[in-house]
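Structure, as structure tokens:
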Amino acid sequence: MPGFKQSLLNSDLPIAAAIFVLSFLIYWFSPVTQVTDSNYAMLLSQDLLEHRSFLLDQYAIPRLTPEFHYNTIMNGEIHQIEVRDGHLYYYFPPGTSVLSVPFVGVMKVFGISAANPDGTHNLENEIAIQAALAALLMAVLAAIFFYTARVALPVGWSVIIALGSAFGTQMWSTASRAMWTETWGILLLGIVVWLLYRAKMIGGRLNPVVLATLLAWTYFIRPTNAVAILGVSVWMFIFQRRLFVRYALTGAVWLALFVIWSWYHFHQLLPQYYLANRLAFKEAWVALPGNLISPSRGLLVFVPVLFFVALLLVRYWREIAQRCLLWLSLGIIVLHLIVIAGFDPWHGGFSYGPRFSTGLVPWLTLLSILGVRAMLDWRRQHPAKNNLSTNNLSWRLQLGCGALLLGLSILINARGALARETWVWNVRPTNVDDFPAKIWDWRQAQFLAGWVRPPRPMTIPLLAFEKIDFPTSRADPYLWFGWSAPDPGSRWTEANEAGIIFRLDNVPPRGLSLKTRLSGFIVAGKHPRQRVGIFLNGTLVESFVIESSEASERTIALPAKLLGRENELIFKLPDAASPASLGLSKDPRPLGIAVYWMQLQ
């Protein structure tokens with residue numbers, strides 16, 4: 001124990017600090033934010049700070065027609081706000097907002113508030129607060145993972161595991177992108193894992209009150225963390241029975257306080273979000289494999305380094321120390337996967353990759369530590385004496401395989417944090433909630449969005465000789481990929497490529513022309529031009545440069561020799577840029593051209 005503390009003071013602290021700084025900076029500068037369910041969470045934190053209340057009535061939130069949704073009465077389309085007895089409450093678990101109060105207070109000192117002076121919600125500041133806090137918390141977790149690994153592993157391996165978890169898992173692609181309920185949750189679970197592992201490996205005293213408090217708050221943050229609470233409670237009863245009474249009493253006190261809070265506000269034992277009837281298990285046999293192997297939600301697809309972790313655990317099974325923690329982790333992982341298979345929708349809606357499995361990251365990190373420790377122990381017990389070259393080759397192949405899978409994990413999760421196209425994938429060209437079958441389609445895997453064009457729709461619309469207004473829904477069937485939601489009067493492209501598809505009944509011998517009115521994203525002195533290349537079925541038919549933001553009409557020739565019954569018209573826009581990159585606004589869309597209408601002639 002003294003040696004461990006001395007190592008911590010002399011060498012581990014600077015390394016942990018470096019991991020924290022590196023992780024925070026990468027998280028901070030990653031451009032994709034994912035504020036959906038967590039919207040209004042920081043407003044509730046500010047409400048607690050300023051009014052000591054969980055009611056959001058003090059703010060000028062629009063009162064919409066109540067709608068039954070998500071097992072409760074929502075404030076119209078604002079699904080984050082529920083209406084109870086005429087009052088407005090944040091629907092999602094309160095734990096995130098409560099724990100975020102100090103940070104929200106600090107941000108307010110610097111002039112960043114989730115509420116405007118007139119009481120309206122400031123969405124831009126809400127997003128800014130969430131992005132900063134999520135990056136901070138996940139950077140802290142990366143450092144905690146380093147300390148956890150250092151209990152049993154050399155510095156080098158500990159750094160690899162900490163950074164591998166930080167960037168090769170949902171920590172980067174999900175938990176650091178916004179204040180999802182998983183963000184605070186996996187930080188607290190990471191501390192729990194560190195306490196348990198340290199206690200078993202170096203005999204550190206396990207404080208049952210602290211442990212129970214941490215676990216209780218993971219439940220207040222996200223109810224699916226009850227799985228971890230159940231697993232740790234069984235483990236405590238078996239292996240730490242002398243501490244179990246204090247552990248259980250502490251947990252019972254926290255639960256009683258939560259029940260009192262719920263009864264005071266909602267007149268029921270638990271809030272609606274916590275009720276077990278939300279687990280429908282309607283598609284469990286689809287959800288179970290979907291959460292593991294589907295190309296857009298599969299845990300093993302988005303974190304393929306887990307195959308290497310599994311290899312280590314199987315190959316070096318006899319060398320694994322503290323198997324009780326191995327079985328604890330495996331039990332929690334299996335039960336967690338069963339529980340999330342009961343959600344409706346099971347795929348997590350608008351998110352990136354296996355969001356519902358984010359709560360497993362601390363336990364998966366613990367498995368990786370156990371596996372690497374077993375591998376190194378085997379290596380020490382079996383020094384290469386005979387067949388040295390064969391032994392080294394096998395060792396290098398094994399490590400090379402692990403490095404390759406870790407690199408692939410980092411690349412896939414980087415896409416969720418860096419490529420806006422992966423976020424747009426949720427809604428365009430089809431909405432994942434309306435067409436969940438896309439989750440299983442490798443031709444449009446989410447992490448490939450922006451690299452690979454989505455498949456053409458099964459039905460290609462007929463293009464008639466009448467004007468099609470792009471800001472209206474009439475244009476939607478023709479828009480293949482690369483198009484934004486409509487703006488007043490026009491619709492922008494939001495990528496370096498945008499596609500249109502159309503069908504013709506007959507192709508005239510002299511071909512056709514397509515007349516359109518468009519403008520370019522031009523900013524004087526900053527972004528002076530937009531180059532446009534138009535390709536019909538793979539062949540360039542028109543190219544021009546736009547140097548003014550004024551709209552103009554253009555006629556595009558469609559030669560008969562290039563036309564077919566089904567056609568693709570691709571706009572290539574190498575100069576597309578976002579207003580955010582030019583310091584004009586927070587708009588992250590890479591804008592190229594705005595199209596007002598088109599008409600076949």
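The values are calculated or read from the model by the stated rules, or taken from the named source; none is laboratory data. All values reported here derive from a predicted model rather than from experimental measurement. Don't worry about glycine lacking a Cβ; one is built from the backbone with ideal geometry, like all the others, and counts go over all protein chains shown.
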Boolean, Ile369 is in the same structural domain as Leu153 (by TED's automatic domain parsing), in a helix (DSSP H, G or I), touching a residue at least 40 places away in the same chain (Cβ under 8 Å) and not small (Gly, Ala, Ser): yes
When segment 260-272 is examined, which residues are found to be aliphatic (A, V, I, L, M) and either under 17 Å from Tyr90 (Cβ atoms) or crowded, with 16+ Cβ neighbours inside 10 Å (or both)? Leu270
Qualifying position, being of a type outside the set (Val, Ile, Thr), touching a residue at least 40 places away in the same chain (Cβ under 8 Å) and either farther than 28 Å from Met201 by Cβ or not in a loop (DSSP other than H, G, I, E, B) (or both), among Asp377, Asp434: Asp377
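Matching residues to (1) surrounded by 19 or more Cβ atoms within 10 Å (Cβ to Cβ); (2) among the aliphatic types (A, V, I, L, M):
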{"position": "Thr148", "(1), (2)": "yes, no"}
{"position": "Pro154", "(1), (2)": "no, no"}
{"position": "Ser173", "(1), (2)": "yes, no"}
{"position": "Trp180", "(1), (2)": "yes, no"}
{"position": "Gly185", "(1), (2)": "yes, no"}
{"position": "Leu196", "(1), (2)": "yes, yes"}
{"position": "Leu206", "(1), (2)": "no, yes"}
{"position": "Val209", "(1), (2)": "no, yes"}
State all residues of segment 19-49 that are touching a Lys or Arg at 6+ places or on another chain (Cβ under 9 Å) and over 18 Å from Glu182 (Cα atoms); if no residue qualifies, say none. Ser30, Pro31, Gln46, Leu49
Checking the condition of a type in the set (A, V, I, L, M, F, W, C), surrounded by 17 or more Cβ atoms within 10 Å (Cβ to Cβ), on the phi < 0 side of the Ramachandran plot and in the same structural domain as Leu411 (by TED's automatic domain parsing), which residue from Leu249, Leu275, Leu257, Leu313 passes? Leu313
Search segment 95-110 for residues that are more than 15 Å from Phe54 (Cβ to Cβ) and pair each with any residue that is of a type in the set (Asp, Glu) when their beta-carbon atoms are under 9 Å apart and the residues are at least 6 apart or on different chains. Lys108/Glu50
Inter-residue pairs, beta-carbon under 8 Å, first among the charged types (D, E, K, R) and in segment 204-227, second surrounded by 21 or more Cβ atoms within 10 Å (Cβ to Cβ), 6+ apart: Arg222/Pro93; Arg222/Gly95; Arg222/Thr181; Arg222/Glu182; Arg222/Gly185; Arg222/Gly359
Do you know which residues across segment 548-558 are touching a Lys or Arg at 6+ places or on another chain (Cβ under 9 Å) and surrounded by 13 or more Cβ atoms within 10 Å (Cβ to Cβ)? Ala551, Arg554, Ile556
Note: among Gly331, Gly348, just one is under 30 Å from Gly203 (Cα atoms), small (Gly, Ala, Ser) and crowded, with 16+ Cβ neighbours inside 10 Å, namely Gly331
Quick check, is Leu562 of a type in the set (A, V, I, L, M, F, W, C), more than 27 Å from Ala419 (Cβ to Cβ) and either within 33 Å of the chain's Cα centre (by Cα) or not in a strand (DSSP E or B) (or both)? yes
Taking the stated definitions as given, is Leu257 assigned to a helix (DSSP H, G or I), touching a Leu at 6+ places or on another chain (Cβ under 8 Å) and either farther than 30 Å from Trp442 by Cβ or without any contact (Cβ under 8 Å) to a residue 24 or more places away in the chain (or both)? no
Screening Val507, Val523 for residues that are of a type in the set (Val, Ile, Thr) and closer than 25 Å to Met458 by Cα leaves only Val507
Positions within segment 465-493 being at pLDDT 90 or above, closer than 21 Å to Ser513 by Cα and hydrophobic (A, V, I, L, M, F, W, C), in sequence order: Ile468, Phe470, Ala475, Leu479, Trp480
Every residue in segment 523-537 that is surrounded by 18 or more Cβ atoms within 10 Å (Cβ to Cβ), under 34 Å from the mean Cα position of the chain (by Cα) and among the β-branched types (Val, Ile, Thr), please. Val532
Quick one: which of Leu326, Leu279, Leu335, Leu269 is without any contact (Cβ under 8 Å) to a residue 60 or more places away in the chain, more than 30 Å from Leu397 (Cα to Cα) and touching a helix residue (DSSP H, G or I) at 6+ places or on another chain (Cβ under 8 Å)? Leu269
Which residues, counting only those in segment 529-559, are among the polar types (S, T, N, Q) and in a loop (DSSP other than H, G, I, E, B)? Asn537, Ser548, Ser549
Any idea which of (1) at pLDDT below 95; (2) of a type outside the set (Asp, Glu); (3) over 30 Å from Gly203 (Cα atoms) is the one Ser7 doesn't satisfy? (3)
Among the residues of segment 448-459, is any assigned to a helix (DSSP H, G or I), in contact with a helix residue (DSSP H, G or I) (Cβ under 9 Å, 6 or more places away or on another chain) and outside the structural domain of Leu514 (by TED's automatic domain parsing)? yes
Here's a check for you: in segment 414-431, which residue that is under 16 Å from the mean Cα position of the chain (by Cα) and not in a helix (DSSP H, G or I) is farthest from Phe571 (Cα to Cα)? Asn426
Just to be sure before I move on: is Ser113 more than 19 Å from Ile221 (Cβ to Cβ), of a type in the set (S, T, N, Q), touching a residue at least 12 places away in the same chain (Cβ under 8 Å) and not assigned by TED's automatic domain parsing to the domain that holds Phe266 in the structure I sent? yes
Read through the list (1) in contact with an Asp or Glu (Cβ under 9 Å, 6 or more places away or on another chain); (2) buried (at least 18 other Cβ atoms within 10 Å of the Cβ); (3) farther than 26 Å from Gly185 by Cβ, then give the number of the only condition that Tyr90 fails. (3)
Residue under question is Asp587, and the condition is that it be free of Cβ contacts under 8 Å to residues at least 24 places away in the same chain and outside any strand (DSSP E or B); does it hold? yes
Can you spot a residue in segment 498-513 that is closer than 22 Å to Leu591 by Cα and surrounded by fewer than 19 Cβ atoms within 10 Å (Cβ to Cβ)? no
Any residue in segment 170-180 that is of a type in the set (D, E, K, R) and under 22 Å from the mean Cα position of the chain (by Cα)? yes
Would you mind stating whether Pro486 is more than 14 Å from Glu566 (Cα to Cα) and either in the same structural domain as Arg297 (by TED's automatic domain parsing) or surrounded by 15 or more Cβ atoms within 10 Å (Cβ to Cβ) (or both)? yes
